[in-house]
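Below: the structure, in structure tokens.
Values quoted throughout were computed directly from the atomic coordinates according to the rules given, and no laboratory measurement underlies them. All figures in this text were calculated on a predicted structure; none of them were measured in a lab. Positions of Cβ are backbone-derived with ideal geometry, glycine not excepted, and every protein chain shown enters the neighbour counts.
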Ligand SMILES: N[C@@H](CCC(=O)N[C@@H](CS)C(=O)NCC(=O)O)C(=O)O
């Protein structure tokens, strides 16, 4: 059985949990809670991933896979479904571009939260402002381009963008974003009801 180093609060893990459900491979994976970041050099995560990050998926043959995109690509192939990342050149680049947008937003929102929780004397005002601009601009880009929120598709690009929105809601990073970006909110409401998104819900605890 495969083993996933996991946490219910991590948006990167969330992408993988959604992919596991979409590919039908969830039952083949055992979850183990790994609390990171860690300064403990004996923590088990270092024995499988020198970057000390989750998600990390340990395969039956002992190989460890990271990061979240690589794990999603592996699951897509292992399931034989080919539903998360098209094989064809142009479509593949388009999916990876949408993934880069959603995943980039996730990375920036994680950094924004770290900056917000830093003691006031260590906060950098310019950084706080910059992450806010990134959020605003990215939501505006998704709102303006129907192909970034196409309800007839749910590939790894859509999973990344849906996860970014789920994380923004989970951490209340932009209360009222649904009113300002109604098309994006409508798409999100729809995909957020997919059984995979329901099963993967981000939670504290
Ligand atoms: N690029 C990685 C990022 C993973 C990541 O940053 N995970 C966080 C948890 S949300 C983590 O493990 N942080 C601990 C650390 O970076 O030391 C991915 O897509 O999987």
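Remarks
- Packing-based order for 155-166, 104-115, using average beta carbon neighbours within 10 Å, highest first: 155-166, 104-115
- Normalised by the number of residues in region 89-199, the average gap of Cα pairs under 8 Å and 6 or more apart makes the relative contact order 35 percent.
- Working ranking of peptides 183-190, 15-22 by packing, defined as the average number of other Cβ atoms within 10 Å per residue, highest first, is 15-22, 183-190.
- Estimated purely from DSSP H runs of n ≥ 4, each contributing -39500 (n - 2.57), the mean residue ellipticity at 222 nm for the chain is -17500 deg cm²/dmol once divided by its residues.
- Protection proxy ranking, highest mean first, for peptides 85-91, 26-32, 168-174: 168-174, 26-32, 85-91, where packing is the per-residue count of other beta-carbon atoms within 10 Å, averaged.
- Likely footprinting exposure, 76, 60, fewest C-beta neighbours within 10 Å first: 60, 76
- Relative contact order (%) - the chain, alpha-carbon pairs under 8 angstrom, separation at least six: 27
- The relative contact order of region 1-120, computed from alpha carbon pairs under 8 Å that lie at least 6 residues apart in sequence, is 26 percent.
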